[in-house]
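Input: a single structure, listed below in structure tokens.
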Amino acid sequence: MDFEDTAEEAAFRAQATAWLSANAKPRGKKSADDMAEMENGAAAEMAASRAWQKKKAEAGYARITWPKGQGGMGGTPMQSIIFGQTESKFDVPSGGPFAIGLGMCIPTLMAYGNEEAKKRYVVPAVQGDEIWCQLFSEPAGGSDVAGLRTRAEKKGDEWVINGQKIWTTGAQFSDYGILLTRTDPNVPKHKGLTMFYIDMHDPAVEVRPIKQASGGSGFNEVFFTDLRVKDSQRLGEVGQGWQVALTTLMHERLAVGGGTGSGLDVKELMALARTLELEDGPAIKNASVRERIADWYVRSAGLKYTTYRTMTALSRGQQPGPEASIAKIVVASKLQDLAAFGMELEGEAGSLKGEDAPAHGAFQMGWMSSPGLRIAGGTDEILRNIIAERVLGLPPDVRVDKDMPFNKMPTGR
Amino acid sequence: MNFDFSDDQKMLKDQARKFLAEKCTTKTVRKVFESTAGHDAALWKQVAEMGWTGTAIPENYGGLGLGYLELCVVAEELGRALAPVPFASTVYLFAEAVLAAGSEEQKQKYLPKIASGELIGTFARAEGPGAVIPKSIRTTFKGGKLSGKKIAVTDGIDAQVAVVLARSSDEVGERGLSLAIVDLKGAGVKRRAEDSIDPSRKNAELTFDNASAEALGKPGEAWGNTSRVLDRAAIMTAFEQIGGADVCLAMAKDYALTRYAFGRQIGSYQAIKHKLADMYVYNELARSNAYYGAWALHTNARELPLAAAAARVSATQAFDYAAKENTQTHGGIGFTWEVDCHLFYKRSRQLGLGLGPQRTWKDKLVTELELSNAA
């Protein structure tokens, strides 16, 4: 048992370090972007991100496990992790705008798109020239994605699409999207869905940013008014949309599983506790503060070493176990509780924010973003269902709408 | 990255599981649980014959000299089986104390007998309710004689020898403390079996009245040595705890699949599913923290005290949660003597308190974090 690279891994790490050293500057003091607060896509930042993405794609580092000539080098998942670790030590533009497209949309296109589509879209996406978004969630279908209502109707060789999506990350700067629609409301909900890819610049597509509770606007509403889509833009068979969506969501879990969320953690809480006085002396000496620090530390450390276990399986060429599925449940609620506790220690000053608040408002920011983190990419509740059903093998929920035609289903409003 | 046990270690674990599945069912556990016996002597003999007591004892002291990773995988299986044997007291505590602080002569005297299974040992610290701190130690060790009283000494009835934390001088705090090894069959030692929450791991009260004892380590170093031994024991115990916690999850799952209420399996209700998902999350976090502890033991890493505290806290939380929610998942039947839930519920507390409560370990964890931040 050790934390060392194998000889091959060490060689790859050296190769990645050499390439990064030649192409980027080592990271200074700036901390990593907060994943919970999605980018607004300022023009300059986006240009820098695209340029960096292109450079990586040309060298095969953009999607290491993908084939050569498609932005990849036919490498292993472990090499992909090693490159990510190494890249995080350099001051490089965010790859955030491409994460959804390359992590979920393009793999779906690769699995279900025709040869022509693959030829046309894969390389521009991996080079950062074209950005993709995922159009699944709707006002009437969040956790219950298959309850969506956006309607696609066949008219000749085209489909006409009307409806609305919501919580669409990055829609405001996306060029294309994969869109899950209802093509047959007369059959049970999972059976009447069909997947398409669409052009986000079509005038029949309207993107409206959502102002989030945290103040940021990473998410959008997207409206479709008589959007006309060619039948060749269909991914999978008519009525097979749910199976196609599961492919996408499987990739989503792989992508999100490794995320650790905000940088606010035990270290920051301890730094805060060292500066504050409570009724009985320094906060860091207070027994209740120390108990909480320890509780959160064992969660953070537990996740870190769980990631190491997953990496070990990959390093040995094995399939990782299901333990990686615990990360987001643990991270999101820890962030919420730890941030709230930090504000509690700050006392009345805890109700301030930004530069007026202690620690530059880091605890307030974490507290404000954490509700979103507990919901996005699968709510805590859905993730618990997934662990219970897929990992532990417990029976699925009783679904009263399972065999009922979609248009006969009771709805709230 | 190689943060997992090797194939050989996994094979050892597999063997241990098969062996214990045959030799140590919960019927075996209940036999000790429901009698005055301190342990299952036949099982203990077989455990020693397998070489497990000498797993990490060097070969020149009669052990297998395998190492701590091997000991950790055995510990997990003993924890799964709730093995009613004095393994932890003898191997994680007594042997570790001798290895940490013993003279060459003491190592020669005790370690081969532990490896062969002839000797049962334990470690006596607490003298009353509340935290074990230097000023709570009133037992004296002066001129080779031990006097005083220790409580809640696990395996204190069956052990032949004990390491005792005692006061050897009037110097305040930890500097006045010493460790002594006492022959529990010798003159001046009285033992009383104490009523214990987990009678498959029984505790005893030990009273010393001028009992002859030999010093273990230098005077003044006792507190540090005790702390080092407890750290190491905490990591191995964490493996017992995750073994137990995994069984609780499996029991709860099996019951949730077979028990029907309101016309369907109770495992189809989210109230039950989410509880079991949380058990899984706690267990996996605990397992990962314990693996880090195992690495620290194996390499004798500088980070060992922090790794031990994290493994201890995480595993205690996981086993506590799994044991109580397993009982809850079973409903009324889970609160009966016949169903095994209570064996795990009781063992989870015994293991969670035996090396000191979570409170103590959490405080220690943060102290270690403060030290590592300062470094």
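Each value in this text was obtained by applying a stated rule to the coordinates, not by laboratory testing. This structure is a prediction, so every number in the text was calculated from the model and none was measured. Here the Cβ positions follow ideal geometry from the backbone for every residue, glycine too, while neighbour counts run over all protein chains shown.
For the residues of A:306-313, the average number of beta carbons from a partner chain within 10 Å of their own beta carbon is 5. Can you work out the PRE-style zone for B:K149? Point 7 Å along Cα to Cβ, and I want the residues of region B:194-229 with backbone N under 11 Å. Residues passing the 11 Å test: B:205-208. Label positions at B:R359 and B:R259, each projected 7 Å from the Cα along the C-beta direction, are separated by 3.3 nm. Of the options A:G192, A:L249, A:G84, report the single residue whose Cα projects farthest towards the positive end of the charge dipole of chain A (beta-carbon charges: Lys, Arg +1; Asp, Glu -1). Result: A:G192, furthest along the dipole toward the positive end. Considering only chain B, what is the antiparallel percent among its DSSP beta bridges, to the nearest 5? Once the DSSP bridges in chain B are tallied, antiparallel ones form about 85 percent.
Got a sec? How would B:E77, B:E325, A:E237 order by Cβ neighbour count within 10 Å, fewest to most? Don't jump to the answer; show the numbers that get you there.
On the way: B:E77 24, B:E325 20, A:E237 12.
Taking fewest neighbouring Cβ atoms as first place, the list is A:E237, B:E325, B:E77.
The packing ranking, built from the mean of other Cβ atoms within 10 Å per residue, places the peptides A:387-394, B:33-40 in the order A:387-394, B:33-40, highest first.
In plain terms, the bigger the Kirkwood radius, the slower the diffusion; for region B:223-374, with that radius from Cα pairs, at 10 °C and 1.306 mPa s, Stokes-Einstein puts D at 98 µm²/s. Per residue of peptide B:361-367, the mean number of Cβ atoms on other chains within 10 Å of the residue Cβ is 6. For the protein assembly as shown, a simple Cβ point-charge model (Lys and Arg +1, Asp and Glu -1, everything else neutral) yields a dipole of about 960 debye relative to the Cα centre.
Here the relative contact order of region B:1-147, from alpha carbon pairs under 8 Å that lie six or more residues apart, stands at 23 percent.
Report, in listed order, any pair from B:K27/B:K364; A:K328/B:K23; A:K155/A:K402; A:K68/A:K211; B:K185/B:K362; B:K218/B:K362 with a Cα-Cα distance greater than 32 Å. Could you put the intermediate results ahead of the total?
Numbers: B:K27/B:K364 38 Å; A:K328/B:K23 41 Å; A:K155/A:K402 29 Å; A:K68/A:K211 41 Å; B:K185/B:K362 37 Å; B:K218/B:K362 28 Å.
Distance filter (> 32 Å) returns B:K27/B:K364; A:K328/B:K23; A:K68/A:K211; B:K185/B:K362.
Taking every alpha-carbon pair under 8 Å whose residues sit at least 6 apart, chain B reaches a relative contact order of 15 percent.
Residues within the reach of a label modelled at B:K10 (point 7 angstrom out along Cα to beta-carbon, backbone nitrogen below 15 Å), restricted to region A:1-30, are A:1-2. Would you report the distance distribution of C-alpha pairs in region A:134-292 as whole percents per 10 angstrom bin, up to the bin with the largest distance? So the P(r) values, bin by bin, are 10, 31, 25, 12, 10, 9, 4, 0.
For the pair A:D129 and B:A250, label points projected 7 Å from Cα toward Cβ lie 5.6 nm apart. Label zone (A:A204, point 7 Å along Cα-to-C-beta; backbone nitrogen cut-off 16 Å) within region A:129-170: A:150-165. Across peptide B:282-294, the average count of Cβ atoms from other chains found within 10 Å of a residue's Cβ is 6.
A simple spin-label model places pseudo-atoms 7 Å from Cα toward Cβ; at A:K54 and A:R151 they are separated by 4.4 nm. Taking only the C-alpha atoms of region A:139-192, the Rg (one decimal) and the largest Cα-Cα distance, Dmax (whole number), read 12.3, 35 Å. For the pair A:N186 and B:D170, a Förster radius of 60 Å applied to the C-beta separation gives a FRET efficiency near 0.10, rounded to the nearest 0.05.
About the Cα centre, and with charges only on the beta carbon of Lys, Arg (+1) and Asp, Glu (-1), how big is the dipole of region B:121-219? Nearest 20 debye, please.
200 debye
Take the Cα radius of gyration of the protein assembly as shown and divide it by 2.2 N^0.38 Å, with N its residue count; two decimals is plenty.
On the way: Rg = 30.1 Å, N = 788, 2.2 N^0.38 = 27.7 Å.
Compared with the compact-globule rule of thumb, the protein assembly as shown sits at 1.08.
Compared with the alpha-carbon gap, the fully stretched path from B:I197 to B:A41 is longer by 54.1 nm at 0.36 nm per residue.
Taking 37 °C and 0.692 mPa s as conditions, region A:258-391 diffuses translationally at an estimated 204 µm²/s according to Stokes-Einstein applied to its Kirkwood radius (Cα pairs).
For region B:41-178, the dipole from Cβ point charges (+1 on Lys and Arg, -1 on Asp and Glu) about the Cα centre works out to 660 debye, to the nearest 20. Neighbour counting of Cβ atoms within 10 Å sorts the residues A:S21, A:S137, fewest neighbours leading, into A:S21, A:S137.
Start at zero, step by 10 Å, and the Cα-Cα distances of chain B spread as 5, 24, 34, 25, 9, 2, 0, 0 percent across the bins.
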